[in-house]
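The values are calculated or read from the model by the stated rules, or taken from the named source; none is laboratory data. Given the structure is predicted, the values throughout are model-derived calculations rather than measurements. Positions of Cβ are generated from backbone atoms using ideal geometry, with glycine treated the same way; all protein chains shown enter the neighbour counts.
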Amino acid sequence: MIANHFNSKGGDDPLEGRFQPPTRSSEVQRHQQAQIVHDFVASIEAADPTANVVVDGDLNDFEFSDTVHILENGVLTDLMDTLPENQRYSYVFEGNSQTLDHILLGGGLLSRQFVFDPVHVNAEFATQASDHDPSVVRISLNDAPSADAGGPYSVTEGSTVTLTASGSDPEGSPVSYAWDLDGNRTFETPGQSVSYTAVEGPASPTVQVRVTDALGASTDAQATVNIANVAPTVASLTAAPAITLSGQGVTLTGTATDPSGPDTTAGFTWAFDTGSGFGQFGSNGVVASFASCGMYTVAAKAQDKDGGISAPFTDPTAVRVFDGGFDPPVDPESVNLVHAGQVVPVKITVGCNGFLSGLHPAITLRSGDYDPNVDPDDPTYYIQDSGSSADTDGVMREVSGQYVYNLRVPTMPAGSLFTVLIRPFGGQTPVLHALFKIRR
Ligand SMILES: [Ca+2]
Ligand SMILES: [Ca+2]
Ligand SMILES: [Ca+2]
Ligand SMILES: [Ca+2]
């Protein structure tokens, strides 16, 4: 810091005197003083361009004067020039606001943050403690630390990855770290290494770290986290019913998990393989049927909203399909005419290249013409009395490669319709059905 008091303006012609333009004889010495100080500063900055140089004092000349320009000349900057023009004064002489007092910065100081102002305790007042205002400059000599957020990082959705930042302070101050992991510009996660949980991919969000020194100077740095989608995993596949008749519907329902909450919420599309390869992806709960008897293995794949496709999942339980149908005299393809009270022998066979014995098919009645394949699912039906003491009511009896039941036709008005429903394996499906009509 070089403090100065340059030669005064004493001896100059007055600004508004009889000699115009006025002669400023005092300038000669000030210019020499300015040159000496300038050369001294230049020698300092030549030795160390980052040297912190302050030149100040009552230079007895204006910020636009040759005196100040000689002093500045490539090595110093007058802070008065950093103010708006109407604020460049520290002194009032004969009604003219002007600057005689200066602070000039050189070397490494100008690149630092500073606050500068003349403090007008005198120039603007009639009663003055002095004829000059003091000038004040505040300069921060602390440099912010360096910051590096690391990365780019890679992680799969639903997993975590450790983010590690680095930084150091030019003054050797300890530094602290805080992260903004959610992009809301608030650094609420402290720590040099932090855990980042990837919620959903594919995505490439940006995270930021703030490195702060002991004096509060900080630097931010950012990194990219590349989040990859993960395909779902099929957890289960259910075929219902698992035992059925050829041509009857089997509902295929899968469940799947996904490490991404948004993918799980969005749901999955499904493809099923019932023996002839996987079909297109579509909705869950597909109804399939099997044209011929046999054992069928079914498989499913799930796809998430981002196109991730699971590995195939095979139902460990094969679907067992049998042939089955009415035997004469009942004809399921036409209206069977019967008398009220008549006993009708209802016969079915079930098998696959042979007779499947050991079943206890349920036989029930329902009033009206009822097709379980198209009519609403309505479980109100009636177990009908058997016309034979050998039968148990509502259960068909196995006789010589057939299941038989001596059905006593209900007493209904002539012309009434009723439907016989047979469930060979119990449960709700599959159902064999035949339509009957009471003769006139
Ligand atoms: Ca620092
Ligand atoms: Ca945040
Ligand atoms: Ca996803
Ligand atoms: Ca996913």
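Okay, here's what the table says:
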quantity	calculated
Of the criteria (1) polar (S, T, N, Q); (2) more than 30 Å from Asn52 (Cβ to Cβ); (3) more than 16 Å from ligand 4 (Cβ to nearest atom), which one Thr156 fails	(3)
Top-ranked residue of segment 249-300 - restricted to ones that are touching a Lys or Arg at 6+ places or on another chain (Cβ under 7 Å) and small (Gly, Ala, Ser), ranked as nearest to ligand 2 (Cβ to nearest atom)	Ala266
Any hit, segment 86-106, residues being surrounded by fewer than 21 Cβ atoms within 10 Å (Cβ to Cβ), farther than 16 Å from Pro134 by Cβ and within 52 Å of the chain's Cα centre (by Cα)	no
Conditions (1) of a type outside the set (D, E, K, R); (2) assigned to a strand (DSSP E or B); (3) within 30 Å of Asp58 (Cα to Cα): number failed by Asn142	(2)
Total residues in segment 60-69, condition crowded, with 19+ Cβ neighbours inside 10 Å and either in a helix (DSSP H, G or I) or not assigned by TED's automatic domain parsing to the domain that holds His31 (or both)	2
Residue satisfying condition, being buried (at least 16 other Cβ atoms within 10 Å of the Cβ) and of a type in the set (Ser, Thr, Tyr), within set Tyr405, Tyr382	Tyr405
Top-ranked residue of segment 137-147 - restricted to ones that are closer than 30 Å to Ile227 by Cβ and crowded, with 16+ Cβ neighbours inside 10 Å, ranked as nearest to ligand 1 (Cβ to nearest atom)	Pro145
Strands (runs of 3 or more DSSP E) enclosed by segment 173-247 - at least 2 residues per element that are over 18 Å from the mean Cα position of the chain (by Cα) and within 16 Å of ligand 2 (Cβ to nearest atom)	175-180, 206-213, 218-228
Lone unmet requirement of (1) part of a loop (DSSP other than H, G, I, E, B); (2) in contact with a strand residue (DSSP E or B) (Cβ under 6 Å, 6 or more places away or on another chain) for Val155	(1)
Hits in segment 117-136 (condition: surrounded by fewer than 16 Cβ atoms within 10 Å (Cβ to Cβ), of a type outside the set (D, E, K, R) and touching a residue at least 12 places away in the same chain (Cβ under 8 Å))	Val119, His120, Val121, Pro134, Val136
Candidates Thr253, Thr244, Thr238, Thr219 - the one that is within 16 Å of ligand 1 (Cβ to nearest atom) and surrounded by 15 or more Cβ atoms within 10 Å (Cβ to Cβ)	Thr219
Every residue from segment 322-331 that is crowded, with 17+ Cβ neighbours inside 10 Å and not in a strand (DSSP E or B)	Val330
Filter pass, Phe40 being aromatic (Phe, Trp, Tyr), more than 27 Å from Val119 (Cβ to Cβ) and at pLDDT below 95	no
In segment 421-438, the residues that are touching a Pro at 6+ places or on another chain (Cβ under 9 Å) and either of a type in the set (D, E, K, R) or in a loop (DSSP other than H, G, I, E, B) (or both)	Arg423, Pro424, Phe425, Gly426, Gly427, Gln428, Thr429, Pro430, Val431
Qualifying residue in segment 332-341 (condition: surrounded by 19 or more Cβ atoms within 10 Å (Cβ to Cβ) and outside any strand (DSSP E or B))	no
From Gly172, Gly158, Gly167, residue being surrounded by fewer than 12 Cβ atoms within 10 Å (Cβ to Cβ), out of contact with any Phe, Trp or Tyr (no Cβ under 6 Å at 6 or more places or on another chain) and in the same structural domain as Thr206 (by TED's automatic domain parsing)	Gly172
Residue check, Asp48 closer than 20 Å to Arg30 by Cβ, charged (D, E, K, R) and either touching a residue at least 24 places away in the same chain (Cβ under 8 Å) or not assigned by TED's automatic domain parsing to the domain that holds Gln29 (or both)	no
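Residues checked against (1) touching a strand residue (DSSP E or B) at 6+ places or on another chain (Cβ under 7 Å); (2) outside any strand (DSSP E or B); (3) among the hydroxyl-bearing types (Ser, Thr, Tyr); (4) not assigned by TED's automatic domain parsing to the domain that holds Cys293:
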site	(1), (2), (3), (4)
Lys347	yes, no, no, yes
Phe355	yes, yes, no, yes
Asp375	no, yes, no, yes
Gln384	yes, yes, no, yes
Tyr405	yes, no, yes, yes
Thr419	yes, no, yes, yes
